[in-house]
Amino acid sequence: MRIRALVLSCAAAFVLAACGPSSQPPSEGGTAPASPGRLHIYNWSDYVAEDTIANFEARTGIRVVYDVYSENEVLEAKLQAGNSGYDLVFPSLRPFAQRQVLQGIYAPLDRASLPNFGNLDTVLLEGMRDADPDNAHLVPYMWGTTGLGINVGKVREALGEDVALDSWSLLFDPANAERLAACGISVLDDEQEAFAAALIWLGRDPNRTDGDELEAVQAAYGAVRPHIRSFNNSQYINELATGETCLAMGYSGDVAQAAARAEEAGTGLEIAYIIPKEGAIRWIDVMAIPSDARNKEAAHAFINYLLEPEVIAAVTNYVAYANPNLASKAFVEAEILEDGGVYPPDEVLAKLVDPQKLPDAAQQARVRAWTRIKSGR
Ligand code: SPD
C-alpha cells in the first residue's frame, strides 16, 4: 500500500490520500473452538497485511484460525465470560486492556520467548506501565488517532469550495451537518471515541467526568443527530470508498484504507483523513494472551513474529497505522513515515489526548447516555 500525504491549508490538519489494496477475508465475531496445535487469534478487522498470517503459517507450520471484531466491547464480553477459545487478542490499551489486566484476564508474558521485544519504543512502553506494571502482560501492536474521513469533492460541493477541512465543526456544527446529511454522515459506534470527539470540539477535557460533560455531549449530538445516517466501526471504510458516505468519524488507518480502495477501484474520489485542529484521541492497541489460552507457546511465537521489524513494517505499509517498533522504520515506506495522518508531527502530537480509565459509575453513565444519543431520544 502506498500512502500519499497532503497537508491541508490549515497547519493542524493532515490528509491521507492513498492507493493500494483493501480488506481482510475473515468473518466477524466467529467462534473459536479450541484445538491444540492451532493458534486462535481474535483481532480488529482490517488490521494485518494480506500475507501476514500465511507467512507465519508457512514459516512455522502452525495453523492460524483468525477471527475479527470491530468493537472492544465484543472482545471484552467474550474474555469476561471465560473460555473464549482464543490464544491471542488485540484490545485497546485504555480502558479495556488496562481493566482486563486488573481482572486477571491475561497471562504474564514469557519474555524469554520474545527476543524481539527489544525492538519496541521504550518511551511508549514506559507510558503503558501505569496500565500494565512492568509491561508484564501487554505488547503494543499499533497506534493511531480518531479523526474525520472526508470525501473532499462532495464536502466541498455541499459546503463550498473554500470550506476549511480542518475541524470537528464539519460534524458538530448543525448547519454543516444539515448540508452534509444528503451525502451521508457516519459516526463511530464507540462511546469512548464519540464522547471524546464532542468534548474536544467543545474545548473540554475528554477524560473529565465531574462536571456537566454528559449533558454537554448529549446536547452536541442532539443538535446533529437527525443528520447522522449511521453509527458503525468498520462499514464506513467501504462507504467512504464507494461514495455512500461523505463524512465519517473514523480511525486513521481505516480512512487511509478507504482512500486506497477508492483509488484502486478507479472511482476518482479523493478521500482525506484529518486530525481536527481542536485535537483528537490517540489510542494504542496491544497484544495479550488470555490466562486460559491453550496454545500460549504459539501465541508467543506469533507475537515475536510481529515484533520482527520487516514483518510489522509490512503491516504498517498495508494498513496505514503507526507501529511502535523503532527498528521497523527502516522498512516503512517513506510516504507513510512522512504522512502526518499516520505519524503526526510534534505540533499535532501535542494536541492528542490519551484516553484514561474513568471511574466505573461515570463510565456506565456514558454508556447509557450513548445508547440514548444513538436512538435519538
Ligand atoms: N481496523 C482497525 C481499527 C483499530 C481501531 N482500534 C482502536 C479503537 C480505539 N477506540
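Solvent exposure of the chain amounts to 38 Å² per residue of accessible area, where only protein heavy atoms count and the probe is 1.4 Å. When Phe172, Phe231, Phe331 are compared by accessible area at a 1.4 angstrom probe, the order from most to least is Phe331, Phe231, Phe172. Net charge dipole, the chain: roughly 640 debye, given to the nearest 20, about the Cα centre with Cβ charges of +1 for Lys and Arg and -1 for Asp and Glu.
What is the mean projected area of the alpha carbon convex hull for region 215-367, to one decimal in square nanometres?
12.5 nm²
Fully extending the segment from Glu338 to Ala136 would add 69.5 nm, taking 0.36 nm per residue of separation and subtracting the current Cα-Cα distance. The figure for Lys78 is an accessible area of roughly 60 square angstrom, using a 1.4 Å probe on the protein chains alone. The length gained on full extension between Thr60 and Gln356, counted as 0.36 nm times the residue separation minus their Cα-Cα distance, comes to 102.8 nm.
Protection proxy ranking of 85-96, 347-358, 307-318, 196-207, by the mean of other Cβ atoms within 10 Å over each peptide's residues and highest first, is 85-96, 307-318, 196-207, 347-358. Within the accessible area of region 218-318, the carbon and sulfur atoms contribute 45%, probe 1.4 Å, all protein chains present. For the chain, modelled as a Gaussian network with Cα springs under 10 Å, which listed residue fluctuates most, Asp210, Asp292, Asp189? Of Asp210, Asp292, Asp189, the most mobile in the Gaussian network model is Asp210. Its relative contact order, with pairs defined as Cα atoms under 8 Å and 6+ residues apart, puts region 168-214 at 29 percent. In the assembled protein chains, Arg372 presents an accessible area of approximately 80 Å² (probe radius 1.4 Å). The solvent-accessible area of Ser169, taken with every protein chain present and a 1.4 Å probe, is close to 30 Å².
On the beta carbon distance between Arg111 and Ala164, with R0 = 56 Å, the FRET formula returns roughly 0.70.
Restricting the calculation to Cα atoms, the chain shows an Rg/Rh of 0.95 when the hydrodynamic-style radius is the Kirkwood one. For region 52-178, the fraction of 1.4 Å probe accessible surface lying on carbon and sulfur atoms is 48 percent. Spatial offset of region 82-97 relative to region 309-355 amounts to 23 Å, using the alpha carbon center of each.
The values are calculated or read from the model by the stated rules, or taken from the named source; none is laboratory data. Because the structure is a prediction, the values reported are computed rather than measured. With ideal geometry, Cβ positions are generated from the backbone for all residues, glycine too; neighbour counts draw on all protein chains shown. For the accessible areas, the whole protein counts, side chains as well, though only heavy atoms, and no ligand, DNA or RNA atoms are used. Shrake-Rupley method; radii C 1.70, N 1.55, O 1.52, S 1.80 Å.
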